[in-house]
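Read through the structure below, which is laid out as structure tokens, and then see the notes.
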Amino acid sequence: MKPEKTIFLADDDADDRLLFEEALREISGGTQLTMANDGEQLMTILENALLPDVIFLDLNMPRKNGMECLQELKQSPKLKHIPIVIFSTSTQPEMIDKVYEGGAHYYISKPRNFGVLKNIIDQILSTNWRSFPQPSKEKFIIQSRQ
Amino acid sequence: MIIESPHSTEQFLSGGGELGECIRSTDWSLTPLGPPSGWPQSLRTTLSIILSSPFPMFLWWGPDLIQFYNDAYRPSLGTNGKHPHAVGQRGVECWPEIWTTIGPLIERVMKNGESFYFEDQLIPIYRNGGLEDVYWTFSYSPVRGESGTVEGVLVVCNETTGKVQNLEHAEETSRQLRSLIAEAPISTAVFSGPQFIIELANDESLKLWGKDRRVMGKPVLDAIPELKGQPFLDLMIDVYNTGKTFEGRESVARLERDGSIRDVYVNFIFKALRDADDKINAILAMGYDVTEQVAARQQLADAAERLTLATEGTKMATWDLDLKTFDIIHSPRLARVFGHPESTRLSFPDMRQAVYPRDLRVIEKAFDVALKKGTYYYEARVVHPDQSVHWIQTRGKVFYSDNHIPLRMLGTMMDITERKRAERVIEESEKKFRTLADSMPQFIWTTDRAGKLNYFSRSVYQYTGIMDPKQLAECWWKTIHPEDRKGTLKAWQESQTTGTDFLFEHRFRHHEGTYRWQLSRAVPQRDVTGKIEMWVGTSTDIHDRKLFTDELENKVLQRTNELNLLNQNLLKSNDELAQFAYVASHDLQEPLRKIQTFAGRILDVESKNLSERGRDYFQRMQSASVRMQQLIMDLLSFSRANTNEKYFEVTDLNVILQLVKEQLKDTIDQKQAVILSSTLPVLNIISFQFEQLFTNLIANALKFSKTDVPPLIAIHADKVGRDHVHHKDAEDILYHRIMITDNGIGFEPQFNERIFQVFQRLHGKDEYPGTGIGLAICKKIIENHQGFIEASGQLNKGAVFTVYVPARN
């Protein structure tokens, strides 16, 4: 029996939030999911909430985008140890390089297929984050086979 | 006991040559020995040995030392000496002259049985009618009788007088030679053997060579290495080989003096020395240093030459004029100045008479000045008796009495016609130069060696409006445009320092106040030693040309700016295009992704609730969205092929092909395709674009394969010239040719060109999926590499796509 986990998702796209939640529910009913509509909301929630096991972070968001969130998180002594998984439609290599350097653990480009999405979330959930270092650049990107 | 018969008595004396005969004929009964029949056996035996020996032997026998000797000994006694009566004689009687020497020796042999041996011992004896110094090598040995006592003294001897004398002679000669050499006042040395070992060298030699005694016994080249390359060694070798004596006079030798190598003049002689066999075995060298004499002689010659030059050079005559009587005394040369023989004596009036009439005033004036001021100087013409006119120059000094009355004038006079002529030549050439310079529209000017302006041609005066030369030289600087002064000064100073041509463009002020551009140029004039004497400069009006050039430059600059602006705009619009392509692909894909995902969700989750038709619609929707996704991605690729992401790198096409084959592995496996390839070149290319090129071409070949035949794709690369490139823009260079041939469905030849256009498709979407962009991308990529691509198809047989890329080294 897996221990109960807490994950945060920040994404301004309602469809993607819906799909993410459905995929998560099909994998694990016990995992707690907190969702934010943008980066600002995420940072507010993080101020008071218990710290999650992992944060899924969209990049292209209004008000405070994913990159800004990542920088803030990594500068905060309290929050910098939370693993960050980038969850974006962008496939721009410059952006991938930037978030890798910014200290994110994984980069997921949003899949077109629900099954693939489930597999990826499952893979992230089963990761033991304790003393899990940032992977190599090749393993950093989780390619969704279309 | 042996009984001797008379016959046997004679027998021991038989033979023995002259001395045997002599002994036999001697009446021994008159001697203390008595007749031979009574001689003891030991004597007989000894005599027998002596007489038969070819080696000189002598015997003293018995207490009276009666003498015997053999033929070999005989010559030592000479003629007119002791032979033949020495035979049978008592020793003491025979050798009175040396008995004091040999007597004691003989006595010691007789008494003690001792033996003696002497070598080259001088024992003078009486022979050949006088006492001679005779040298002997000899031994005295005892002869014992039957009783064992010493009965006689056997002398085995050899006269060595000749040998000893030879030796002595040689030693004496050598000693004399050595002392002669050592004491010789000139340098004398002996070099022995072919190596020329310094065997003898007197102090003078060492002084000459600049060496000390350590050179003794060394080969000459080791001893005096500086001789290497000088002629002396070859001369010695020659003398040694030919025996011919060589004599050198005032030859220059480079020898050591006070630690450095100097030229030394020597007189010397090399003479071969011979040994007893007349073979050359050494060289006698004698010589002396004549450097000082040579130098002294040269100095004398120099002095004489200078003296000659001085007198001949000046051609100066001297005179002494009595100012009271006007008597004049002059040197013989003065007569020559007036065209007379040197023996002629001229009076003061004679001289005045000879003056060229028009110059008389000059002289009279100079004379008046001299009487007042004390110095006399003029240059004037005189007429020679042959009517030729000559220039003379006179200088004089007046001597006064105590009360300031002029008494005498002493002076010199010389003919300066040549100088005058030369001056006139220079004047004329200068005049020519000025005329030339003044006739030219350019500015001509000169400066002295320090760069100070000292001449301007007429055009400068006319241009500046300054007519006074002095003023122009001072103001010239101010006629240069203030903006150009600093540069002019710098360039001029640079030329002055380095002695190189001055070249500068600057503006000069016209007297009307306008400035015009001039190109100034100055070249240094040098004397024979290369020292700069003056600068000759020109300035040429280049105003119109300059303005034209400036205008041209301005226009070019303006055009360049415009082009730059256009370029920037182009770059900007390219960037905007790239931005648009990115945004379009990203944002268009976003809703598409959702459509795909939700359609997938419906088919997954709601499949049961849908009719057959509904499911079919959903599937069609799915495939339409997949095609749209492909379209977007291809458009993105096409736009990327257009943009300036042109990072060229050296790339191995074999590696690229391998990569592409791996990416297409699924399709290749599924179609059971075979891809053959020759070795592909390594090219400097945009790597990712070639990857795309290969991907598109191979994917095409796989896609358009026949259903019943497994695809065979052959990739071949080689190098070809322009003739093989079927394209009008092909250059005359080598191209890499890469041909990709397949055995697919091909196409009709009339589509060879068309298939490279965007969105051109030859088949329905249902038959062969695709967007019609792939080959357009290929064309773009190849154009990015200054290459060409062509296709040639045959329906149902296959297609060949050929790529040409310039081969660069």
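The values are calculated or read from the model by the stated rules, or taken from the named source; none is laboratory data. None of the values given here were measured: they were computed from a predicted structure. Heads up, the Cβs are rebuilt from the backbone with ideal geometry, glycines too, and the neighbour counts pull from every protein chain shown. These area figures cover heavy atoms from the full protein model, side chains too; ligands, DNA and RNA do not enter into them. Shrake-Rupley method; radii C 1.70, N 1.55, O 1.52, S 1.80 Å.
So which of B:Lys706/B:Lys780; A:Lys137/B:Lys594; A:Lys74/A:Lys118; B:Lys324/B:Lys397; B:Lys490/B:Lys546 end up more than 24 Å apart by C-alpha?
Violating the 24 Å limit, Cα to Cα: B:Lys706/B:Lys780; A:Lys137/B:Lys594; A:Lys74/A:Lys118.
Tell me, what is a quarter of the convex hull surface for the C-alpha atoms of segment B:386-437, in nm² with one decimal?
Averaged projected area of segment B:386-437's Cα convex hull equals 6.6 nm².
Using label points projected 7 Å from each Cα along Cα→Cβ, tell me how many nm separate B:Arg214 and B:Gln794, to one decimal.
9.9
Taking only the alpha carbons of segment B:422-541, what extent do you get along each of the three principal axes, in Å, biggest first?
44, 31, 22
With contacts defined as alpha carbon pairs under 8 Å and 6 or more residues apart, what's the relative contact order of chain B in percent?
The value is 4 percent.
Which residues, if any, in segment B:588-605 have at least 50 Å² less accessible area in the whole protein complex than in the isolated chain, probe 1.4 Å?
Buried on complex formation: B:Arg593, B:Lys594, B:Thr597, B:Phe598, B:Arg601.
Considering only C-alpha atoms, what is the centroid distance from segment B:85-164 to segment B:392-423, in Å?
For segment B:85-164 versus segment B:392-423, the Cα centre distance is 109 Å.
For chain B, report the accessible area per residue in Å² (1.4 Å probe, heavy atoms, rounded to an integer).
58
Could you grab the Rg to Rh ratio for segment B:6-163? Cα atoms only, Kirkwood for Rh.
Rg divided by Rh gives 0.94.
Taking only protein heavy atoms into account and a 1.4 Å probe, give the accessible area per residue of segment A:6-142 in Å².
So segment A:6-142 comes to 47 Å² accessible per residue, rounded to a whole number.
Grab the eigenvalues of the alpha-carbon gyration tensor for segment A:94-146, scale each by 5, take roots, and send me the semi-axes largest first in whole angstrom.
Ellipsoid half-lengths, sorted descending, are 20, 16, 7 Å.
Given the convex hull over the Cα atoms of segment B:646-806, what projected area results after averaging over all orientations, in nm²?
Taking the Cα atoms of segment B:646-806, their convex hull projects to 9.1 nm² on average.
I'd like the Kirkwood hydrodynamic radius of segment B:184-296, using the inverse of the mean 1/r over distinct C-alpha pairs, in Å.
The answer is 14.1 Å.
Compute the accessible area of each residue in segment B:611-642 twice, once for its chain alone and once with every protein chain present, using a 1.4 Å probe on heavy atoms, and list those whose area falls by at least 10 Å².
Residues meeting the cut-off: B:Gln629.
What is the Å³ per residue value for the convex hull set by the Cα atoms of segment B:56-113?
81
How many times 2.2 N^0.38 Å is the alpha carbon radius of gyration of segment B:138-237?
Compactness ratio reported: 1.98.
Relative contact order for segment B:184-296: what is it in percent, counting Cα pairs under 8 Å that are at least 6 residues apart?
27
State the antiparallel share, in %, of DSSP beta bridges confined to chain B, rounding to the nearest 5.
Around 95 percent of the beta bridges assigned by DSSP in chain B are antiparallel ones.
Any chance you could list the semi-axes, whole Å, largest first, of the equivalent ellipsoid that the Cα gyration tensor gives for segment B:714-776, using √(5λ)?
28, 14, 10
Sorted from largest to smallest, which semi-axis lengths in Å does the alpha carbon gyration tensor of chain B give for its equivalent ellipsoid, taking the root of 5 times each eigenvalue?
Over the Cα atoms of chain B, the ellipsoid semi-axes are 120, 80, 20 Å.
Can you give the accessible area buried between chains B and A, summed over both chains, with a 1.4 Å probe, in Å² to the nearest 100?
1300
Work out the mean other chain Cβ neighbour count within 10 Å for the residues of A:108-114 and drop it here as an integer.
For peptide A:108-114, the averaged partner shielding equals 5.
Can you give the Rg/Rh ratio of chain A, where Rg is from the C-alpha atoms and Rh is the Kirkwood radius?
0.92
Roughly what would the spin-label model give for B:Asp133 and B:Arg620, points 7 Å off Cα along C-beta, in nm?
15.7
Would you kindly state the longest site-free stretch of chain A, with sites defined as trypsin sites (Lys or Arg not before Pro) in a DSSP loop (not H, G, I, E, B) surrounded by at most 15 other Cβ atoms within 10 Å?
A:1-62
What part of the accessible area of the protein assembly as shown, given as a whole %, is carbon or sulfur when the probe is 1.4 angstrom?
53
Given the Cα atoms of segment B:535-613, and with Rh set as the inverse mean 1/r over their pairs in the Kirkwood sense, what is Rg to Rh to two decimals?
We get a ratio of 1.72 for segment B:535-613.
Ranked highest first by the average count of other Cβ atoms within 10 Å around their residues, in what order do B:505-516, B:793-804 fall?
Going from most to least packed, we get B:793-804, B:505-516.
Return, for the Cα atoms of segment B:315-415, the radius of gyration and Dmax in Å, separated by a comma.
Cα only, segment B:315-415: 13.1, 44 Å (Rg, Dmax).
Would you please state the base-10 log of I(q)/I(0) at q = 0.06, 0.07, 0.11 1/Å for the protein assembly as shown, with intensities from the Debye formula using one equal scatterer on every alpha carbon?
-0.83, -0.95, -1.28
Which of these, A:Asn65, A:Asn128, A:Asn37, has the largest mean-square fluctuation under a Gaussian network model of chain A (Cα springs below 10 Å)?
Greatest mean-square fluctuation among the candidates belongs to A:Asn128.
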